[in-house]
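To start, the structure itself, in structure tokens.
The values are calculated or read from the model by the stated rules, or taken from the named source; none is laboratory data. Since this is a predicted model, take the numbers as computed values, not measurements. All Cβ positions, even for glycine, are placed from backbone atoms using ideal geometry, and neighbour counts span all protein chains on display. Keep in mind that these areas ignore ligands, DNA and RNA; they rest on the heavy atoms of the full protein, side chains included. Shrake-Rupley method; radii C 1.70, N 1.55, O 1.52, S 1.80 Å.
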Amino acid sequence: MASRPQPTRVRKLPDERRAEILRTAARIALEEGLERITLRRVADELGVRPGLIGHYFPAADALVAEAFTDAATKERDTLLPADEEGLAPIDRLARFLVRLADGTYLDLSRLWLNARHLSRFKEGLRDAVGAQETVTRTALTALIEAGVAAGEFDTDDALGAALHILVTVDGLGSYANADADIRLDHPTLDDMAITTAERELGLDRGTLRARL
């Protein structure tokens, strides 16, 4: 009897394999939580041996931290996409805030809650969360400064305004696991980050939504 031909394994380049591992871990984090990321779980998802995952990430905590960084970076790139850098700062801010209120980012809100909680016990994740917060804060501050220079915003403390906005956004994120009727439908929650931004930047109520 002829033997059954064995499937041909394609050996991936190290960078490709590492990126695949990170994508898989980030997906697990978004769908189930950072606690569910283990070397064995990622290996099972990819159909490889756990030792292969361990070759790239000897410790699961390092994989957890990088998976969070990967997801947070992609989040920021979709909220403040590079191809919109030519828009007026007020238009970029309006799009940024409206996107944050979109239910599309609900899993990411849960991920940030998850990461902040776990970072109390995992130093690598704590560093990753802090680094991502810094990048986002710096990007929003720069956007506000550009708006002030263009005469669109009125504030003498761009960093302070950015902090007001981001703390409001983080507070809204705490409702990611709340009752769906409150989380998605109540107009106060829907517009809270936008009204905070308008207040801090000297804009009339409704200005940012009118830019869309």
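Some observations on this one:
Per-residue answers, yes or no, for (1) surrounded by fewer than 20 Cβ atoms within 10 Å (Cβ to Cβ); (2) in contact (Cβ under 8 Å) with a residue 60 or more places away in the chain; (3) over 13 Å from Ala139 (Cα atoms); (4) not charged (D, E, K, R):
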| site | (1), (2), (3), (4) |
| --- | --- |
| Ile53 | no, no, yes, yes |
| Phe57 | no, no, yes, yes |
| Leu63 | no, no, yes, yes |
| Thr69 | no, yes, yes, yes |
| Ala72 | no, yes, yes, yes |
| Pro81 | yes, no, no, yes |
| Glu85 | yes, no, no, no |
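- Here Thr8 passes the criteria (1) open to solvent by less than 50 Å² (accessible area, probe 1.4 Å); (2) of a type outside the set (Phe, Trp, Tyr); (3) at pLDDT below 95 except the one numbered (1).
- Selected residue (only one of Ala146, Ala197, Ala142, Ala178 is of a type in the set (Gly, Ala, Ser), closer than 26 Å to Ala67 by Cα and either modelled with pLDDT of 95 or more or outside any helix (DSSP H, G or I) (or both)): Ala178
- Boolean, Arg110 is charged (D, E, K, R), open to solvent by 70 Å² or more (accessible area, probe 1.4 Å) and at pLDDT 95 or above: no
- Under the condition of being more than 22 Å from the chain's Cα centre (by Cα) and either closer than 17 Å to Val169 by Cβ or of a type in the set (A, V, I, L, M) (or both), the residues counted in the stretch 196-207 number 5.
- Residues located in the stretch 33-44, provided they are in a helix (DSSP H, G or I), surrounded by 16 or more Cβ atoms within 10 Å (Cβ to Cβ) and without any contact (Cβ under 8 Å) to a residue 60 or more places away in the chain: Leu39, Arg41, Val42, Ala43
- Residue check for Leu30: surrounded by 15 or more Cβ atoms within 10 Å (Cβ to Cβ), closer than 28 Å to Arg116 by Cβ, in contact with a helix residue (DSSP H, G or I) (Cβ under 8 Å, 6 or more places away or on another chain) and modelled with pLDDT under 95: yes
- A search for C-beta distances below 7 Å between a residue of the stretch 6-18 that is closer than 16 Å to Ala43 by Cα and assigned to a loop (DSSP other than H, G, I, E, B) and any residue that is open to solvent by 100 Å² or more (accessible area, probe 1.4 Å) and modelled with pLDDT of 90 or more, counting only pairs 6+ apart in sequence or on different chains, returns nothing.
- The condition (being outside any loop (DSSP other than H, G, I, E, B), under 17 Å from the mean Cα position of the chain (by Cα) and under 19 Å from Thr195 (Cα atoms)) is satisfied by just one residue among Arg76, Arg99, Arg116: Arg99.
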